[in-house]
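The values are calculated or read from the model by the stated rules, or taken from the named source; none is laboratory data. These figures come from a predicted structure and were not determined experimentally. Every residue, glycine among them, receives a Cβ derived from its backbone with ideal geometry; neighbour counts consider all protein chains shown. All accessible areas refer to the heavy atoms of the entire protein, side chains included, with ligands and DNA or RNA removed. Shrake-Rupley method; radii C 1.70, N 1.55, O 1.52, S 1.80 Å.
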2 protein chains.
Amino acid sequence: MDNRIRSQELRKKIMSPKEASQFIKDGMTVGTSGFTPAGYPKAVPLALADRANGGEKIKINLITGASVGEELDGELAKAGVIKRRYPYQTNNDMRNGINSGEIKFSDIHLSHMPRWIKYGFFGNIDVAVIEAVAVNVDGSIIPSTSIGCNNALVDKADKVIIEVNTSQPIELEGIHDIYDIKNPPYTQPIPLTGVEQKIGVPYIKCPLDKIAAIVVTDIKDNTRSVAPIDQDSKKMAALIVEFIVQESKKGRIPEKLLPLQSGVGSVANAILGGLEETDFQDLEIYSEVLQDSVFDLIDAGKIKFASGTSLTISPERLESFYKNLHKYREKIILRSEEISNNPEIIRRLGVIAMNTAIEFDIYGNVNSTNIQGSRMMNGIGGSGDFARNAYLSIFMTKSTAKGGDISSIVPFVKHVDHTEHDVHVVVTEQGLADLRGLSPKERAEVIIENCVHPKFKDKLRKYIESADKNSKYKHTPHNFEEAFKG
Amino acid sequence: MDNRIRSQELRKKIMSPKEASQFIKDGMTVGTSGFTPAGYPKAVPLALADRANGGEKIKINLITGASVGEELDGELAKAGVIKRRYPYQTNNDMRNGINSGEIKFSDIHLSHMPRWIKYGFFGNIDVAVIEAVAVNVDGSIIPSTSIGCNNALVDKADKVIIEVNTSQPIELEGIHDIYDIKNPPYTQPIPLTGVEQKIGVPYIKCPLDKIAAIVVTDIKDNTRSVAPIDQDSKKMAALIVEFIVQESKKGRIPEKLLPLQSGVGSVANAILGGLEETDFQDLEIYSEVLQDSVFDLIDAGKIKFASGTSLTISPERLESFYKNLHKYREKIILRSEEISNNPEIIRRLGVIAMNTAIEFDIYGNVNSTNIQGSRMMNGIGGSGDFARNAYLSIFMTKSTAKGGDISSIVPFVKHVDHTEHDVHVVVTEQGLADLRGLSPKERAEVIIENCVHPKFKDKLRKYIESADKNSKYKHTPHNFEEAFKG
């Protein structure tokens, strides 16, 4: 334990998860580490769930970096512990609680989270629970596989519980870069001008007297296997890669490709795979989550550097990841989400953003959160931070859903997360539509022509023809009763 | 002319508006100065309209900083010269052309404009027409009452036509601050950390050989009178001022008030007027348009500094403005919209943003552009740049429209410009709703309770009750057929 908990004084604070969980009381606001199922606390949440399952009345507001794993979101949701949840989740039980109306969920841009915590918009943060690979003599914390809001939470929380996770290799030390942004009016320019640049320190500052408890655990990050890449995803990826190649040839993207952001999942993996086949060299990733595909590209010698706030390795790849960590650590950096998702940096670097939509409409508005307008899927996450500030903002979805029964391109999306102003390019397996500079009606034309599945083209063409004929105002013609019929 | 056109070489380029207009040909993309009816070219557009009215076939794509005056948008729209229009307008004839479907309008965030010009997303810029108070020996241009996209347009255009406007006082020289942002991957942090800080030069660089023509004119900015502040606007302003005071008392806004942005119009004026009555001292404005009310506050000794990209003085106040220009110029600065609307700066300074909505919905989504979803009003302008990055993002509208016949708060807005993720506070003359951290259903409750006109409260309450009862998914309950009925 000496290289994990680095002073005798600190080791005195070691206690059981159950004992540590006692610092969390009914009505409190608790902030935790975690971003994707990586780097979130496990033992203390499980102990908290045990208390609730044993009959104790306890409800908390839960703030995290983004989604977290089953031991935190799943167990606490099932135990009925969560009153409010911010800002994003991907867990089945949490999602069910939100959609049943039991859990109050507020869906917030990830780049807004650290600021809101620091501005006091969430009120007092009673306890922060942070997973770490180690704690330094002065109390400063070496995070594990994600950073998220850790630094803001530790700064604002009354008490800090540290989960030292021995399943996370100590060799992760040094891949983190923590830079604190001061609140206005004291905010200064963030000095980051390159994906690989270090601007902070490799630990989170934490006063010793804030550390209420240290818990030792070895529960692994509960990551998922990477889904195999299906044909549709391959088509979308190929369309995007070809578009980027053409834009570069036209001189509208610099010859040396700009940094890439991509969401999580199989299309994202397919795009990175597709870029492996191009002439682009020395690719840079400026994103949130570094997944398997990034390390495949590092192995292929294609990646110059990758920056994220989370490291999510599938169980299948974990062993080879650990074996090559000494090599990978020269090529990757983890930052707080205050930096990874910061508009200032995304604009400055000129990131090319690629994110997934649930549906989009003929005028280019994107729904990425609410199925049929009412059913929360995951949340907006960082997609808005990137799309809104990207050099190029690309959204993709399969052209149909429900086994081909419904079109993913509709007259009017039932929830808007990204407005027509923020969507440059949309892609389905049918094709790609470049919307830049087009009027709404031109957008509808090219979207229907290029992206809609053949069996829904006529219906959408008729919608816009009829709306255009019957509307006195022809900028964005609509017939809302028709659009939402049935 | 010697102090306006500062070399013999340049004076050789003086020609009539008609002659200068010949550089503009059918099919060209033309970028002009102008932001609000301030600082836009007048003589050359009038000559161009004359050509079209005389039977010449000429259509152009028009790019401006934002809205412009009658001589440009109005006359060219009426003459049928405009094929495409970017990014914002407030002119009746232009609006009619857009809504009849004749003019293709693309509604773009103002902060995106300079980047898109520089990235080549609009294609080649054939001619830039820039209003100036003077031209230096080396060709560099001293703009007049606005900057907008001037620097990006001059940089990218093949040819530049300068309208030296002698109705604009030469004393404007020195109030401009032009800082050029390099394209990725060469972009650097913008060194601006204070509203009053100068980071650039007081002129727009322009190679001498780019200057195709210089036209001398004395046509005044076609500004409008300020509408008197009505009772509803006064109520909204009072609610916002009181909210800001309370937030400051709670320590959620720094004691020294953060810089303010407010849209154009009578509520904005009323808010600034209301702040005059508070204990806040040394107010700072970081906005787009500096209007009469800013100068009233300077006169009252309340303003420390005001930064904008445009100076729109009503005809009634113009004389006193010119008389006191020597005093005002110590307190104001004009920047390019690349800086005034830049997310990097808006976040860093912690701007409090106050913008007007056409309608908003019970879940906090805002429509600020399309009346009834199809009829373009003006455009999103800079509201999204500010709302999305503000320390606090406030939207306001009167609770009813059409003389009280319809509610401005609806189940689902017919066009989304600002999503639920970007709207912190909504205000009507009925009251204010603080939406931060609330779930969608909680937002609906507080919006209906505080902001909706009494005669529409029951209907909206019934809508959400019935939607909640009939929807399996209760995160954002909707009944779309009901929402868009009739």
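Data table
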read-out	value
Share of pairwise Cα separations in chain A, more than 42 Å, in percent	18
Long pairs among A:Lys198/A:Lys234; A:Lys441/B:Lys59; A:Lys59/A:Lys159; A:Lys234/A:Lys256; A:Lys25/A:Lys104; B:Lys118/B:Lys398, criterion Cα-Cα beyond 27 Å	A:Lys198/A:Lys234; B:Lys118/B:Lys398
Label spacing, shortest first and in nm, from B:Asn124 to its equivalents in the remaining copies (7 angstrom along Cα→Cβ)	6.7
Separation of alpha-carbon centers, the stretch A:193-218 and the stretch B:441-486, rounded to whole Å	45
Shape metrics for the stretch A:397-436, restricted to C-alpha atoms - Rg then Dmax, Å	11.0, 31
Cα centroid separation - the stretch A:114-155 against the stretch B:248-324, whole Å	38
Loop-located trypsin sites (Lys or Arg not before Pro) in the stretch A:395-486 whose Cβ has at most 11 other Cβ within 10 Å (DSSP)	A:Lys472, A:Lys485
Computed accessible area, A:Trp116, all protein chains, 1.4 angstrom probe, square angstrom	20
Per-copy distances of the B:Pro228 label point, shortest first, in nm (7 angstrom along Cα→Cβ)	7.6
Top positive-direction residue, dipole computed over the protein assembly as shown with Cβ charges, set A:Ala212, A:Tyr179, B:Ile371	B:Ile371
Spherically averaged projected area in nm², based on the convex hull that wraps the Cα atoms of the protein assembly as shown	37.2
Student exercise, the protein assembly as shown dipole from Lys, Arg, Asp, Glu Cβ charges, in Debye to nearest 20	760
Degrees separating the helix A:231-249 axis from the principal Cα axis of chain A, which is the longest one	80
Rounded to whole Å, sorted largest first: equivalent-ellipsoid semi-axes of the stretch A:401-486, Cα gyration tensor	19, 17, 13
HN-Hα J in Hz across the stretch B:391-402 - Karplus 6.51, -1.76, 1.60, θ = phi - 60°, x for Gly and Pro	5, 9, 10, 10, 10, 9, 7, 5, 5, 10, 10, 6
Overall dimensions of the stretch A:8-217 as given by Cα atoms, namely Rg and Dmax in Å	16.4, 53
Estimated translational D of the stretch B:268-337 in µm²/s (Stokes, Kirkwood radius over Cα pairs; 37 °C; 0.692 mPa s)	269
Chain B - share of DSSP beta bridges that are antiparallel (%, nearest 5)	25
Dipole magnitude of the stretch A:258-346, debye to nearest 20 (Cβ charges: Lys/Arg +1, Asp/Glu -1, about Cα centre)	280
Peptide-level mean, for B:437-445, of C-beta atoms on other protein chains within 10 Å	4
Loss of accessible area when A meets B, both sides summed, Å² nearest 100, probe 1.4 Å	6900
Debye log10 I(q)/I(0) for the stretch A:120-199, one point scatterer per Cα, at q = 0.15, 0.20, 0.25 Å⁻¹	-0.65, -1.03, -1.26
nm² value of the averaged projected area, convex hull over the Cα atoms of the stretch A:123-268	12.8
Hull shadow area, averaged, the stretch B:193-290 [alpha-carbon convex hull, nm²]	9.8
For B:105-118, mean number of other protein chain Cβ atoms within 10 Å	3
Over chain B: helical MRE at 222 nm, DSSP H runs n ≥ 4 each giving -39500 (n - 2.57), nearest 500	-8500 deg cm²/dmol
Fraction of accessible area attributable to carbon and sulfur, chain A (%, probe 1.4 Å)	49
Label 7 Å beyond Cα on the Cβ vector: A:Asp2 copy-to-copy distances, nm	8.6
Label point distance in nm, A:Lys250-B:Val201, each placed 7 Å from Cα along Cα→Cβ	3.3
Under-5 Å amide H pairs with B:Glu131, H placed in peptide plane, nonlocal only	B:Ser33, B:Glu163
Residue order for B:Asp138, B:Asp434, B:Asp385 - accessible surface, 1.4 angstrom probe, largest first	B:Asp138, B:Asp434, B:Asp385
Under 5 Å, built H, 5+ apart or other chain: amide partners of A:Thr29	A:Asn61, A:Asp126, A:Val127
The stretch B:231-483: radius of gyration and largest Cα-Cα distance (Dmax), Å	18.9, 66
Cubic angstrom per residue, convex hull over Cα atoms of the stretch A:1-126	119
Residue mean of other protein chain beta carbons inside 10 Å, A:411-423	6
Three semi-axes of the equivalent ellipsoid, the stretch A:344-464, Cα gyration tensor, whole Å, largest first	23, 17, 11
Protein-protein interface of the stretch A:342-382, residues with accessible area decrease of at least 20 Å², isolated chain reference, 1.4 Å probe	A:Pro343, A:Glu344, A:Arg347, A:Arg348, A:Gly373, A:Ser374, A:Arg375
Nearest 10 degrees, 0 to 90: helix B:454-470 Cα axis against chain B principal axis	70
